[in-house]
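To keep things clear, I will list the structure first and then write my remarks on it.
The values are calculated or read from the model by the stated rules, or taken from the named source; none is laboratory data. As the structure is a computational prediction, the values presented were derived from the model and not from experiment. Cβ: placed from backbone, ideal geometry, glycine included. Neighbour counts: every protein chain shown. Side chains included, ligands, DNA and RNA excluded: accessible areas come from the protein's heavy atoms. Shrake-Rupley method; radii C 1.70, N 1.55, O 1.52, S 1.80 Å.
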Amino acid sequence: MLCTTGAETTVEALAARLESVDGVHEVRLDHLDANGFDAVWALLARHAPRVLLCCRPVREGGRYAGDEATRLALLLRGAAAGVRYVDVEGDVPDDAVGTLDPARLVRSHHRFTPTDDPASLVAVARALAARRGAVTKLAVAVSDAAHLDALRRVREAIGGDAVLIGMGPAGLLSRARYRSFGSVWTYVAADAGRATAPGQYDVAAAHHQGLPHAADAPFAALVGGPQVLASPGPRVYPPLFARLGLSARSYLPVITTDLDRALPLLREVGAVGLSVTMPLKAEAAARAARQDPAVVALGVANSLRWRDGTGWEATNTDVVGVTEPLTDRVAPGARALVMGAGGAAAAAVEAARQLGLTVAVSARRFDAAARLAARWAPAGAVTAVPWAERTATELALLINATPLRGAATSPWPDDGTRLPARLVFDLALGGDAATSADTLLYRQAKAAGASYLEPEAMWRAQGAAQIGWFFDCDVPASALALASETGRGS
């Protein structure tokens, strides 16, 4: 069940929300202008069976800063209007809400300092569950999605109905997979501007991920650092999954640096395929029960899939993501320079080698570039170039496999140094630029008369291969191009 919430300050705005969105709604009295309280009671009475009433005090992250007795009196008056639930904090004594029917009480606690201590959360949840009430609500800030396993342990430790939420971007998994966390509902904001807690989906984004129906269906996810939030995948993949008739309906960004804990958690809550990005590609390869030849050769994986009887299997579709857009655009024997020394750079070097190019690699740390080049034997098959010397050679192809991307950020010097390449392939998604045409590297390429391939070209090619591998189906890159266009308004 989705519970729509909003930070409306006027009764008129609240009424518009209640009348335009079906289902259950949280009403936040602490956000309303006190001058509107006289008009709110009749509104609550009209929508009472659909209302969860709350007046959150400052001590619990809300906006009510007045007298406690007055706050509780407001909640009791709302209860008299017949609302379905009243949310009362766990530190409020039972005798202060003794006139309320326990079957209509939500007892809640919010912790805004991230914690990774399951025992302390279990203790808090048990204390809440011991209070008069029907639903135990625990909302805790999380900085890493792997720490959400603590909420799973909480659910195992308490009985009755519960709502268990990880707040913040790293907590999205607990909201999208709320049933797997033992929650009876999840909160969604009426729109992006009316969120009442960090990390809430809005109604449109929740529906885009297939909620509430997809809450316990198989799903895929993108795991890695905070940059996963900027990926087009969560916008593009869900409608593509539906068009392909796949069992999965959601594609969720999962912020984590701890695969040891994240992988069991993701499997427990229904993940069947994982896209893997920085800084986890090497760790993903190491954690897989089975690696295909591409992973063995590169030492990094960008894709994991679950297979019963085997466990997590690993592949790397980044090589395909580089080779396909470059096919017929560079001639065998031409010179290519790969900037970077991480997983994307390894895939780019292998792709360039498969295309028959003469390959050099350069990174800000020469030792990292040298280690990467040494993977390709015999010696000299790939050469390492000091970062300060990366500008010295004429090239057919320059590949940016660093994370450097932005309107004022580029891996190429911004000092007027000529960019000596006929084609630039930028693999870096994200950054502060709205489009590839807004990036400094794009402008540098155009100033040098070079052609430019945007990161989306690589993303589409590798993503098509990845989805096909996850679900054993054929997905052309053109399907992702179409999905990207049709999903831009989602």
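Residues that are open to solvent by 10 Å² or more (accessible area, probe 1.4 Å) and either within 26 Å of LYS446 (Cα to Cα) or in contact with a Cys (Cβ under 9 Å, 6 or more places away or on another chain) (or both): find the helices (runs of 4 or more DSSP H) completely inside the stretch 311-402 holding 3 or more of those. It would help to see each step written out before you state the result.
Working: elements: 318-326, 343-354, 366-374.
Hits in the stretch 311-402: 318-326.
Does THR256 meet the test of being crowded, with 20+ Cβ neighbours inside 10 Å, in contact with a strand residue (DSSP E or B) (Cβ under 8 Å, 6 or more places away or on another chain), more than 19 Å from PHE241 (Cβ to Cβ) and of a type in the set (Ser, Thr, Tyr)?
Details: crowded, with 20+ Cβ neighbours inside 10 Å: yes; in contact with a strand residue (DSSP E or B) (Cβ under 8 Å, 6 or more places away or on another chain): yes; more than 19 Å from PHE241 (Cβ to Cβ): yes; of a type in the set (Ser, Thr, Tyr): yes.
When the stated conditions are applied, THR256 passes them.
When residues of the stretch 191-216 are filtered for being aliphatic (A, V, I, L, M), within 12 Å of ALA7 (Cβ to Cβ) and either surrounded by fewer than 19 Cβ atoms within 10 Å (Cβ to Cβ) or at pLDDT 95 or above (or both), how many remain?
First, pick out the residues of the stretch 191-216 that are aliphatic (A, V, I, L, M): 192, 195, 197, 203-206, 211, 214-215.
So of that shortlist, the ones also within 12 Å of ALA7 (Cβ to Cβ) come out as 192, 195, 197.
Still in the running and either surrounded by fewer than 19 Cβ atoms within 10 Å (Cβ to Cβ) or at pLDDT 95 or above (or both): 192, 195.
Residues meeting the conditions: 2.
Going by what's in this entry, would HIS147 be described as at pLDDT 90 or above, over 30 Å from TRP41 (Cα atoms), within 23 Å of the chain's Cα centre (by Cα) and buried (at least 19 other Cβ atoms within 10 Å of the Cβ)?
Working: at pLDDT 90 or above: yes; over 30 Å from TRP41 (Cα atoms): yes; within 23 Å of the chain's Cα centre (by Cα): yes; buried (at least 19 other Cβ atoms within 10 Å of the Cβ): yes.
Answer is yes for this residue.
Taking only the stretch 110-126 into account, find how many residues are open to solvent by 50 Å² or more (accessible area, probe 1.4 Å) and in contact (Cβ under 8 Å) with a residue 24 or more places away in the chain. Full working, then the answer.
From the stretch 110-126, those open to solvent by 50 Å² or more (accessible area, probe 1.4 Å) are 111-114, 116-117, 119, 123, 126; that's our starting set.
Subsequent filtering for residues that are in contact (Cβ under 8 Å) with a residue 24 or more places away in the chain retains 111-114, 116-117, 126.
Here the count works out to 7.
Starting from the stretch 425-436, take each residue that is in contact (Cβ under 8 Å) with a residue 24 or more places away in the chain and list its partners that are acidic (Asp, Glu), counting only C-beta distances under 7 angstrom and pairs at least six apart or across chains.
Listed pairs, sorted by first residue: ASP426/GLU454.
Any residue at all in the stretch 412-420 that is on the phi > 0 side of the Ramachandran plot, of a type outside the set (S, T, N, Q), open to solvent by 20 Å² or more (accessible area, probe 1.4 Å) and assigned to a loop (DSSP other than H, G, I, E, B)? Even if it seems obvious, please write down each step before you answer.
Start the filter on the stretch 412-420 by keeping residues that are on the phi > 0 side of the Ramachandran plot, which leaves 416.
Okay, now just the ones that are also of a type outside the set (S, T, N, Q), so 416.
Imposing the further condition that a residue be open to solvent by 20 Å² or more (accessible area, probe 1.4 Å) reduces the set to 416.
From the residues that got through so far, the ones that are assigned to a loop (DSSP other than H, G, I, E, B) too are 416.
Taking every residue of the stretch 412-420 in turn, at least one turns out to be on the phi > 0 side of the Ramachandran plot, of a type outside the set (S, T, N, Q), open to solvent by 20 Å² or more (accessible area, probe 1.4 Å) and assigned to a loop (DSSP other than H, G, I, E, B).
Name the pairs: first residue in the stretch 345-365 and within 10 Å of LEU397 (Cβ to Cβ), second residue open to solvent by less than 40 Å² (accessible area, probe 1.4 Å) and of a type in the set (Ser, Thr, Tyr), Cβ to Cβ under 9 Å, at least 6 apart or on different chains?
Filtered contacts from the stretch 345-365: ALA352/THR323; LEU355/THR323.
Condition test on PRO49, is it open to solvent by less than 60 Å² (accessible area, probe 1.4 Å) and within 23 Å of THR186 (Cα to Cα)?
Numbers: open to solvent by less than 60 Å² (accessible area, probe 1.4 Å): no; within 23 Å of THR186 (Cα to Cα): yes.
Judged against the criteria, PRO49 is not a match.
Given the condition among the hydroxyl-bearing types (Ser, Thr, Tyr) and at pLDDT below 95, answer yes or no: does some residue in the stretch 233-246 qualify? Lay out the reasoning, then the answer.
Kept after step one, since they are among the hydroxyl-bearing types (Ser, Thr, Tyr), are these residues of the stretch 233-246: 237.
In the following step, the residues that additionally are at pLDDT below 95 were identified as 237.
Checked the stretch 233-246: at least one residue is among the hydroxyl-bearing types (Ser, Thr, Tyr) and at pLDDT below 95.
Inspect the stretch 312-324 for any residue being modelled with pLDDT of 95 or more and charged (D, E, K, R) and give the result as yes or no.
Yes, the stretch 312-324 has at least one match.
Under 17 Å from ALA134 (Cβ atoms) and out of contact with any Lys or Arg (no Cβ under 6 Å at 6 or more places or on another chain), is that true of ARG59?
Working: under 17 Å from ALA134 (Cβ atoms): no; out of contact with any Lys or Arg (no Cβ under 6 Å at 6 or more places or on another chain): yes.
No; evaluated as a whole, the condition is false for this residue.
Within the stretch 52-74, can you find the residues that are surrounded by fewer than 17 Cβ atoms within 10 Å (Cβ to Cβ) and of a type in the set (Gly, Ala, Ser)?
Listed by number, the residues that qualify are ALA65, GLY66, ALA69, ALA73.
Could you please give the count of residues in the stretch 98-109 that are surrounded by 14 or more Cβ atoms within 10 Å (Cβ to Cβ) and either within 10 Å of VAL86 (Cα to Cα) or at pLDDT below 85 (or both)? Reasoning before the result, please.
Taking the stretch 98-109 as the starting set, the residues that turn out to be surrounded by 14 or more Cβ atoms within 10 Å (Cβ to Cβ) are 100, 104-109.
Adding the requirement that they be either within 10 Å of VAL86 (Cα to Cα) or at pLDDT below 85 (or both) leaves 100, 104-107.
Residues that pass the stated criteria total 5.
What number of residues within the stretch 428-456 satisfy the criterion of being open to solvent by less than 20 Å² (accessible area, probe 1.4 Å), in contact with a strand residue (DSSP E or B) (Cβ under 7 Å, 6 or more places away or on another chain) and under 19 Å from LEU337 (Cα atoms)?
Total satisfying the criteria: 6.
Quick one: is GLY133 crowded, with 18+ Cβ neighbours inside 10 Å, over 20 Å from PRO198 (Cβ atoms) and not polar (S, T, N, Q)?
On the way: crowded, with 18+ Cβ neighbours inside 10 Å: yes; over 20 Å from PRO198 (Cβ atoms): yes; not polar (S, T, N, Q): yes.
When the stated conditions are applied, GLY133 passes them.
Against the conditions (1) closer than 15 Å to ALA464 by Cα; (2) open to solvent by less than 10 Å² (accessible area, probe 1.4 Å); (3) not in a helix (DSSP H, G or I), where does ARG305 fall short? Just the number, please.
(2)
Has the stretch 88-96 got any residue that is of a type in the set (Val, Ile, Thr), closer than 21 Å to VAL163 by Cβ and modelled with pLDDT of 90 or more? Write out each step before concluding.
Pass one, the stretch 88-96, residues of a type in the set (Val, Ile, Thr): 88, 92.
Those left that are additionally closer than 21 Å to VAL163 by Cβ: 88, 92.
Right, trim to modelled with pLDDT of 90 or more and you get 88, 92.
Checking the stretch 88-96: at least one residue is of a type in the set (Val, Ile, Thr), closer than 21 Å to VAL163 by Cβ and modelled with pLDDT of 90 or more.
Has the stretch 169-178 got at least one residue that is open to solvent by less than 20 Å² (accessible area, probe 1.4 Å), over 29 Å from THR9 (Cβ atoms) and not in a helix (DSSP H, G or I)?
yes
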